1. Taking the alpha-carbon centroid of each part, what is the distance from region 131-157 to region 392-471 in angstrom?
2. Just to verify a number: what accessible area does L294 come out at with the full protein assembly present, 1.4 Å probe, Å² rounded to tens?
3. Could you work out how far the C-alpha centroid of region 299-318 sits from that of region 72-127, in angstrom?
4. Quick one: dipole size for region 338-426, taken about the Cα centre, charges +1 on Lys/Arg Cβ and -1 on Asp/Glu Cβ, in debye to the nearest 20.
5. In terms of modelled amide H atoms, which long-range or inter-chain residues lie less than 5 Å from the amide H of R152?
6. Please give me the summed charge of the neighbours of L112: other residues whose Cβ is under 13 Å from its Cβ, Lys and Arg +1, Asp and Glu -1.
7. So for region 336-471, taking the charge dipole from beta-carbon charges (+1 Lys/Arg, -1 Asp/Glu), which of T426, N389, L336 sits furthest toward the positive end?
8. Just to confirm my numbers, what's the Cα centroid distance between region 355-384 and region 261-282 in Å?
Amino acid sequence: MTVQGFFSARTNAAASAYVMPRIAVIGRGFSGMMMAIALLKTVRFPFHLQLFDPNSSVSGGQALASGHSSEILNSRVRDLSVSAGDPDDFNQWLSSNAPFRSAVPAAIPGFLQIFVPKSIFSDYVYQRFSEAFSSRRDVAVQVRSETVFGLRRVRGGRFVVESDGAGDAPFDMVVLATGYGIADREAQAGDLVTVPTAVRARRLVSRPHTILLGSGLRVVDRLLQMRENGYTGQITIVSRRGFLPQSHTRNNADPVFPADEMPDKLSEIVRFIRRACEEAEANGQSWQSVMNGLRKHARSLWRSLPAGQKQQFNRHLRALYDSHRNRLPEALHVRLNQEMAEGNTLLRRGHFIRRTPTGLILRPAGRQETEQLYADDVIDCRCQAPDLNAPLLRSLIDAGLAVPDELGLGLAVDAAGALEVNGRSTEGLFAIGPLGLGSLPDIDLVPEIVTQAYAAAESVAERFHPQCKAV
């Protein structure tokens, strides 16, 4: 589907003298849509924009997609603006939304501190995209429902996008916005797993049982939605580290952090942060405020750590850190605790080995022997790291256009998302959002993705300013 801007006479004259830059964004989840918004609002000259995604509908990404209209985002309204320099934009949008105002009690000053369903945030993002596009009569946007399986560089430093659709002219810039990478089809098919015959027979004499793999927000979302949909069976959460998301505080939790110089060793840094949390609580603040303040130091702190300490953090501390930074709204955390306290949901810590026709094989934590867990269904709710052997990413790595980050969590990028190889940026090629998580801590969070998208758009504007390339 192509949507062509309405070119004025002046724009037509400019277009006849210059070739407009061609930009491809691969992925239409939040990272992709945010990149499109940033380009439309930042790049002030005509360009062609193509959005690739195999999904026919313009939706996707963990920040936007939800099968349930009631699924709540884990970030407050104040942290979800898609407007650069205007953190109040989402709040203002909600305040001008009559149906939302009538459904939600009045808040002063507005709705900055509340949590909203993903469906509301999705409406906001797509409206801001529509507004940004409608204001640009000099831009053509094409939405393509195709799977991209490769990129290759051609003469002049441009890129050919290899997809399962028709061939196309080269692009001046390509943005990878695939979130955590190619979707895990097995995980998506969790709802469709056929109940094995042996389990069906047991169901006549025992309570239904479902196993959820993972320990993050997706696990809690799935658990609570199952209960809301009437599932009364036993649920077991299988987690390698056993850390479930912590709770937001009901207070504002404005960022605070000690002014003291940070230590340079990982073990001392952990003690420093724990002490800061204790001092904050002693002063009537919260540990959540300290974690919010830590986000401002995360990137410089990460860059200062040697590779060995980064690997140590990834092995032993990342799950604990993620459980404290990716927090649940307090009401949902109360429901989770109630589930656990009543015994309706159990948490098993251990290493998932493989699925079986009747459940899965687990190696419990601290034991060498394995155990069979019987279940009617096994649903994978883990956030998988990008598959660096997927055809698209493999094509970039093999061509020397990208390299894995030092932990193998994704691709090496700079702050603006430009792919880096041996410390040098690959011109015209970006990875926005979670693909850069090994290089940029917290780049899977909305505020950081917004900042990065605008930084990448600024790079495009600077590259082609003051006018498009001459024919």
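1. Here the two parts' Cα centres lie 16 Å apart.
2. Rounded to the nearest 10, the figure is 10 Å².
3. Their Cα centres are 34 Å away from one another.
4. Values: 9 positive and 13 negative charges, 54 e Å.
With only Lys, Arg, Asp and Glu charged at Cβ, the dipole is about 260 debye.
5. Result for R152 returns V160, E162.
6. Values: positive: R76, R78; negative: D79, D86, D88, D89, D254.
Once positives and negatives cancel, what remains is -3.
7. N389
8. Cα centres, region 355-384 to region 261-282: 36 Å.
The values are calculated or read from the model by the stated rules, or taken from the named source; none is laboratory data. What you see is a predicted model, and the numbers here were worked out from it, not measured in a lab. Cβ atoms come from the backbone with ideal geometry, glycine included; neighbour counts cover every protein chain shown. Note: accessible area is taken over every heavy atom of the protein model, side chains too, but ligands, DNA and RNA are not part of it. Shrake-Rupley method; radii C 1.70, N 1.55, O 1.52, S 1.80 Å.
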